[in-house]
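Data block below; observations after.
The values are calculated or read from the model by the stated rules, or taken from the named source; none is laboratory data. Everything numeric here is computed off the predicted structure, so don't read it as measured data. In this analysis, Cβ positions are derived from the backbone assuming ideal geometry, glycine residues included, and neighbour counts consider all displayed protein chains. Accessible surface areas use protein heavy atoms only, side chains included; no ligands, DNA or RNA. Shrake-Rupley method; radii C 1.70, N 1.55, O 1.52, S 1.80 Å.
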Amino acid sequence: MFYKPAEGHGLPHNPFNAIAAPRPIGWISTRGTMGDNLAPYSFFNAVAYVPPQVMFASTAAKPDRGDTKDSVAQIRETGVFCVNMVSLALLDQMNQSSAPFPAGEDEFLRAGIAKAECETIDCPRVAEATASLECRVTRIETLLGQSNFLVLGEVTGVHIRPDCLRDGRYLPPDRMVRLGYKDYAVVRDTFELDRPG
């Protein structure tokens, strides 16, 4: 089939949501005047090595946050955020934290997630995450469409859970990824591949 997104696809579910997949899940934690917040975003990835930089996109709004959601609202306020990596052991808690709680509700508390403090920024992090990336915002871009924002940040601190370091390499037990729709996957089967040259 072929379709032009502006004209619709005629399917019961949007195929674009599942085409660009798998996508790592950035579990974004923030702190603002209304308290601590935690929410998963599957439009997330690393974008540069030196200095290390990441991005995530927020694509919806809440009535109590104006044109965006809690994460972006608090990042606008403070200029910092933390990206926490999701493993299978944290899947249920990650999913619970995606609920549309009112602004000011602490998802760490609501979902029973252990909290730790960041080192380089004033922000909470998920204590049991396999890795957490402390970030300072470099820019927030308004994207086409309503309530679509791209957040770019420089990584200023990296936490790695001790059991995820083996022979000097970050090797978590698994990695949760989003496939689109309600579909997720666990990545465990990996292999090495040398680049030519």
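Hey, what did segment 90-197 get for relative contact order, percent, Cα under 8 Å, at least 6 apart? Walk me through the intermediate numbers first.
Working: 124 pairs, mean separation 15.8, N = 108.
Normalised by residue count, the contact order of segment 90-197 is 15 percent.
Charges on Cβ only, +1 for Lys and Arg, -1 for Asp and Glu, centred on the Cα centroid of segment 72-151; of Thr142, Leu109, Leu91, which one is farthest towards the dipole's positive end?
Farthest towards the positive pole: Thr142.
What is the extension gain from Ile160 to Thr138, computed as 0.36 nm multiplied by their sequence separation minus the C-alpha to C-alpha distance, in nm to one decimal? Can you show the working numbers first?
On the way: separation 22, 0.36 × 22 = 7.92 nm, distance 2.31 nm.
Length gained, Ile160 through Thr138: 5.6 nm.
Can you compute the helix-only [θ] at 222 nm over the chain? Use -39500 (n - 2.57) per DSSP H run of at least 4 residues, normalise by all residues, nearest 500 deg cm²/dmol. If you can, show how the numbers build up before the last one.
Values: 4 runs with 23 residues, N = 197.
Helix-only estimate at 222 nm: -2500 deg cm²/dmol.
Ranked from the most accessible area to the least, with a 1.4 Å probe and all protein chains present, what is the order of Thr190, Thr33? Please list the in-between numbers first.
Working: Thr190 100, Thr33 120 Å².
From most exposed to least exposed: Thr33, Thr190.
What are the radius of gyration and Dmax of segment 23-184, computed over its Cα atoms and given in Å?
14.7, 48
Evaluate the relative contact order of the chain (contact order divided by residue number), counting alpha-carbon pairs under 8 angstrom at least 6 apart; express in whole percent.
Working: 405 pairs, mean separation 47.6, N = 197.
So the answer I get is 24 percent.
If you plug each phi of segment 13-23 into the Karplus form 6.51 cos²θ - 1.76 cosθ + 1.60 with θ = phi - 60°, what whole-Hz ³J(HN,Hα) values come out, in order, with x for Gly and Pro?
9, 5, x, 4, 4, 10, 6, 7, 8, x, 10
How would you order 115-121, 56-62, 165-171, 24-30 from highest to lowest mean count of nearby Cβ atoms within 10 Å? Mind showing how you got there, number by number?
Details: 115-121: 15.9, 56-62: 18.1, 165-171: 9.3, 24-30: 26.3.
Descending packing order for the listed peptides: 24-30, 56-62, 115-121, 165-171.
Counting only protein heavy atoms and a 1.4 Å probe, tell me what percentage of segment 23-184's accessible area is made up of carbon and sulfur. Before the final figure, lay out the partial values.
Numbers: 4200 of 7870 Å².
On segment 23-184, the fraction of accessible area on carbon and sulfur atoms equals 53 percent.
Express the relative contact order of segment 90-142 as a whole percentage, based on alpha carbon pairs under 8 Å and six or more residues apart in sequence. The partial results should precede the final answer.
Numbers: 40 pairs, mean separation 12.0, N = 53.
Reported as a whole number, the value is 23 percent.
Work out from phi, with θ = phi - 60° and the Karplus expression 6.51 cos²θ - 1.76 cosθ + 1.60, the ³J(HN,Hα) of each residue of segment 106-122, listed in order in whole Hz, and give x for Gly and Pro.
Values per residue, Gly and Pro as x: 8, 5, 4, 6, 4, 9, x, 9, 5, 10, 9, 8, 6, 9, 9, 9, 8 Hz.
Pull out a ≥ b ≥ c, the square roots of the eigenvalues of the alpha-carbon gyration tensor of segment 1-69, then state rounded if a/c is under 1.5, prolate if not and a/b is larger than b/c, and oblate in the remaining case.
Values: a/c = 2.78, a/b = 1.43, b/c = 1.93.
Because a/c hits 1.5 or more and a/b fails to exceed b/c, segment 1-69 counts as oblate.
Once phi is turned into ³J(HN,Hα) by the Karplus curve 6.51 cos²θ - 1.76 cosθ + 1.60 with θ = phi - 60°, what whole-Hz value does each residue of segment 180-197 show in order, with x for glycine and proline?
For segment 180-197, the Karplus curve yields x, 6, 9, 8, 10, 9, 10, 8, 10, 8, 10, 8, 9, 9, 7, 6, x, x Hz.
Hey, can you find the accessible area per residue of segment 23-184 for me, probe 1.4 Å, expressed in square angstrom?
49 Å²
At 0.36 nm per residue, and after removing the present C-alpha to C-alpha distance, how many nm does the segment from Val187 to Asp122 gain when stretched out fully?
On the way: separation 65, 0.36 × 65 = 23.40 nm, distance 3.15 nm.
Full-extension gain reported as 20.2 nm.
Stretch Lys115-Asn95 to full length: gain in nm at 0.36 nm per residue minus the Cα-Cα span?
Details: separation 20, 0.36 × 20 = 7.20 nm, distance 1.65 nm.
Going from the current span to full extension adds 5.6 nm.
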